[in-house]
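We did not get these values from a lab; they are worked out from the coordinates using the rules stated. Remember, predicted model here, so these are calculated numbers, not experimental data. A quick note on method: Cβ atoms are made from the backbone with ideal geometry, for glycine too, and the neighbour counts reach across all protein chains shown.
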């Protein structure tokens, strides 16, 4: 009887949309950890594990934002520039004497405005998401550059110590606050995606936008919402970046849009839309982090790390396309 219950429980888990991919990539993550641990036993040291998780948290956060967009069948190229915009606006305001928390609120409002623009350009103006977010990417980077007159900011000072501890250096219950922030963001947005009507509409748009319109889904509203969510996640990472360095840098967030896509697609979020769960994004983020960290312990240069991660992303997308094409062919037959 117990064996039947266990088998039934396992079948129910596998039946969850996207869970099969999560189990597969989780297995790959475990193998990678074992290999890197054999190469260098320090990989499993408590200090390295703690730092690894803290480094993964920002990638997870922007990966969650990108995952929402990808599931609708779109993409957001402005993520990295929004990180830079958030970093520069917040740091510039703090160096001008504005309270760190007021600076953070102003930064969130400004960056959410960019997310709203991206969403409306895609959903209302019908611009291809690649073009729309390429435009907002350039605009956001420009704002980051002019925020402090084309200069990186000075130190945000001791007055922002509480801000820096909250977002990066502080600990709660012995765990770095950045990790807690990543966990809270995951739990909140996972609830939205998996337990709400908005989440169901996001999947519906990605699966078949015309069918979703006929079934009463507000495509303009839902698509705009996912871009606002993506902008919020980018803003949060920008604030974390400000806390880490204690100043604003104009090139903050460069390449983060690629990291976000990597975390998402490695974890099983389809670039074709309609498929993937945020648990997969968590695993994908850790694969990204473990590859970077493990290859560093193995003495691999940055160029090799980038090449390996790039290959992993391409293979993940290729497998997704082949699997989806095979399913469609079987359905047609």
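General remarks:
- The peptide list 24-33, 134-143, 296-305, put in order of mean Cβ contacts within 10 Å with the highest first, becomes 134-143, 24-33, 296-305.
- Residue exposure sequence - 224, 133 - by fewest surrounding Cβ within 10 Å: 224, 133
- Radius of gyration, Dmax [the chain; alpha carbons; angstrom]: 20.4, 71
- Computing FRET efficiency as 1/(1 + (r/R0)^6) for residue 120 and residue 150, where r is the C-beta to C-beta distance and R0 is 30 Å, gives about 0.55.
- Order of 227, 203 - criterion: other Cβ atoms within 10 Å of each residue's Cβ, fewest first: 203, 227
- Segment residue 296-residue 51, length gained on full extension (0.36 nm per residue, minus Cα span): 86.9 nm
- Label-point separation in nm, residue 109 to residue 138, each point 7 Å along Cα→Cβ: 2.9
- Using the rule -39500 (n - 2.57) for each DSSP H run of four or more residues, divided by the residues of the chain, the 222 nm mean residue ellipticity is -25500 deg cm²/dmol.
- Solvent-free Debye scattering, log10 I(q)/I(0), computed from the Cα coordinates of the stretch 134-180 at q = 0.22, 0.25 Å⁻¹: -0.79, -0.82
- The alpha carbon centroids of the stretch 195-271 and the stretch 108-124 are separated by 12 Å.
- Computed lengthening from residue 101 to residue 169, 0.36 nm per intervening residue step minus Cα-Cα distance: 22.8 nm
- Taking label points 7 Å from Cα along the Cα-to-Cβ direction, residue 184 and residue 44 give a separation of 3.3 nm.
- Using the alpha-carbon positions of the stretch 214-333, Rg (one decimal) and Dmax (whole number) come out as 17.6, 59 Å.
- Gap separating the Cα centres of the stretch 38-95 and the stretch 139-178, nearest whole Å: 14
- Structural descriptor for the chain: relative contact order 33 percent, calculated from alpha carbon pairs under 8 angstrom and at least 6 residues apart.
- Shape call, the stretch 56-253: gyration tensor on alpha carbons, a/c limit 1.5: oblate
- The stretch 56-253: relative contact order in percent, alpha carbon pairs under 8 Å with at least 6 residues between: 46
- Gain in span if fully extended, residue 28 to residue 196, counting 0.36 nm per residue against the direct Cα distance: 57.4 nm
- Order of 127, 187 - criterion: other Cβ atoms within 10 Å of each residue's Cβ, fewest first: 187, 127
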